[in-house]
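Notes for the one structure printed next.
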Amino acid sequence: MAGIRGRVIGLDIGNYRLKVSVGEGSSARIVAARLPDNLVKNNEIVAYEAMSQFIKEILKKAKISSGKCSIVMPGGLYHLRRTKVAAMTVGQLKVNLPYEFHDYISQDTDSYVYDYSVLGNDGNELDIMTAALQKDRMNRMERMCREAGLKLTGIVPDVLCLQNVLERYIQSTGAESKDFVLLDIGHVSTTLYFFRDGIYEISRDMSFGGDSLSQKVADETGVDIHIAQLNIEKNQNDVLKNDNLVEIYESIATEINRVLNFYNYNNPGNKIECIYFCGGGSHVAPLMQTITNTTGMAMRSVNELIDIGKNSRSRADFAASPQAFGATLQ
C-alpha cells in the first residue's frame with residue numbers, strides 16, 4: 001500500500017529544475033527551483049558536492065526543516081523488471097534477485113543493490129517487481145543528502161513513484177483499477193508511461209523536450225538560451241505562435257501519436273480513457289492543444305490524481321512533478 005510514511009521530503013532532480021515535495025494532507029506542497037548550469041547532464045548528477053549545497057540552500061529558502069528524504073531515480077540509471085518466480089522465503093528471494101538481471105547487467109552483480117515488491121502471490125508463484133541500482137551511485141546519493149542535512153531513506157525509480165500516485169488515487173477514491181497513460185514533457189526528453197490496472201507496464205522515451213523549443217528561439221533571435229527559456233515561459237511577444245515552434249509542436253504530437261497507436265495495436269483490450277500530463281513542457285498551451293488535436297484523446301492534468309485533501313491550489317502545483325510526491329509514498 002502506498003501511503004505517506006511520516007514526514008518524508010521527496011526530491012526530484014531533473015535536468016532543468018529541482019522539485020521538492022514536502023508536507024502531509026492539505027499542507028502538502030511542491031517547491032521548484034531552476035538548477036544552476038552544469039550540475040546535471042542527461043539525468044546524471046555530475047557535481048554532487050555542488051548539488052548538495054544547492055539543495056541545502058533551496059530547503060533553507062523554502063523554510064523546509066531537515067529530516068528524512070526519498071529521491072526519485074530517473075530512467076536509464078537503474079534496471080527494473082517484472083517477473084514471476086516460484087514461491088520462496090524472503091531470504092531465498094534476496095539471494096536469487098541478482099540472477100533476475102543476468103540479461104541486463106554485464107558487470108559484477110555484487111556492484112549493485114537489489115530490491116523488490118510483491119504484486120501477487122497465488123501460493124505457487126510470486127509476481128514481483130524487481131529493481132537494481134549501482135552501489136556506487138547509491139553511496140554518492142547518500143553522501144550528497146547527508147551534506148545537505150538530510151537522511152536518505154529511499155531511492156525510488158521514477159516509474160514506481162508514478163505507480164505510487166496511481167495506487168494512492170485508486171485507494172482514496174474507491175475507483176476500480178484501470179489502465180493509465182501518463183505523458184511527461186520534460187526539459188530534454190518526453191516520456192509516455194503505460195500502466196495496466198495501475199501497475200507499471202512499459203514506457204517510451206522520445207528525445208525531445210522543452211529545450212528543443214528554447215533552442216529554436218535562441219537560434220532564431222540570437223539571444224542566450226536562458227533568455228529564450230524565459231521568453232517561452234512568459235510567452236514574450238507571443239513567441240509561442242512562432243511558425244517554427246508550431247512545426248516542432250506538430251512533430252512532437254506526431255511522435256506521441258505514433259507511440260500511442262503502436263501500444264494500442266499491441267494491446268487492443270486496454271482501458272485507457274485519456275492522457276494524464278505533467279512536466280514543465282505541459283505548460284505550453286499551443287503544444288498541448290496540438291497533441292490533443294493529433295491524438296484525438298482527452299488531456300487531463302496529473303494533478304487530478306494527486307490526493308492531498310481539499311487544498312486544490314496546492315494540488316495544482318504537483319503537475320510539475322508527481323514523481324516527487326510519489327517518492328514520499330514508498
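Table for the structure above
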| item | result |
| --- | --- |
| Test for residue 261: is it under 30 Å from residue 197 (Cβ atoms) and assigned to a helix (DSSP H, G or I) | yes |
| Residue match in the range 198-216 (condition: part of a helix (DSSP H, G or I) and without any contact (Cβ under 8 Å) to a residue 24 or more places away in the chain) | yes |
| Pair list, Cβ under 6 Å, 6 or more apart: the range 34-58 residue polar (S, T, N, Q), other residue surrounded by 15 or more Cβ atoms within 10 Å (Cβ to Cβ) | 43/74; 52/144; 52/147; 52/148 |
| Filtered residues of the range 131-165 (kept if more than 16 Å from residue 13 (Cβ to Cβ), assigned to a strand (DSSP E or B) and of a type outside the set (D, E, K, R)) | 131, 132, 134, 153 |
| Close pairs from the range 261-276: first touching a residue at least 24 places away in the same chain (Cβ under 8 Å), partner surrounded by fewer than 11 Cβ atoms within 10 Å (Cβ to Cβ) and of a type in the set (A, V, I, L, M, F, W, C), Cβ under 6 Å, at least 6 apart | 274/298 |
| Residue under evaluation residue 93, criteria (1) within 26 Å of residue 11 (Cβ to Cβ); (2) among the hydrophobic types (A, V, I, L, M, F, W, C); (3) without any contact (Cβ under 8 Å) to a residue 40 or more places away in the chain, criterion not met | (1) |
| Pairs, first closer than 10 Å to residue 48 by Cα in the range 132-151, second aromatic (Phe, Trp, Tyr) and in a helix (DSSP H, G or I), C-beta under 6 Å, six or more apart | 140/48; 144/48 |
| Residue list for the range 67-117, restricted to those being surrounded by 11 or more Cβ atoms within 10 Å (Cβ to Cβ), assigned to a loop (DSSP other than H, G, I, E, B), of a type outside the set (A, V, I, L, M, F, W, C) and modelled with pLDDT under 90 | 104 |
| Selection within the range 9-55 - crowded, with 17+ Cβ neighbours inside 10 Å, over 17 Å from residue 186 (Cα atoms) and not hydroxyl-bearing (Ser, Thr, Tyr) | 9, 10, 22, 23, 28, 29, 51, 54, 55 |
| Which numbered condition residue 58 misses (of (1) modelled with pLDDT of 95 or more; (2) part of a strand (DSSP E or B)) | (2) |
| Test: residue 21 is over 29 Å from residue 212 (Cα atoms) and at pLDDT below 95 | no |
| Selection within the range 159-182 - in contact with a strand residue (DSSP E or B) (Cβ under 7 Å, 6 or more places away or on another chain) and among the polar types (S, T, N, Q) | 163 |
| Filter result for residue 198 (within 15 Å of residue 72 (Cα to Cα), surrounded by 15 or more Cβ atoms within 10 Å (Cβ to Cβ) and outside the structural domain of residue 98 (by TED's automatic domain parsing)) | no |
| Every residue from the range 166-186 that is buried (at least 21 other Cβ atoms within 10 Å of the Cβ) and in a loop (DSSP other than H, G, I, E, B) | 186 |
| Scope the range 198-219; condition at pLDDT below 90 and farther than 16 Å from residue 252 by Cβ; matching residues | none |
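The values are calculated or read from the model by the stated rules, or taken from the named source; none is laboratory data. Since this is a predicted model, take the numbers as computed values, not measurements. Don't worry about glycine lacking a Cβ; one is built from the backbone with ideal geometry, like all the others, and counts go over all protein chains shown.
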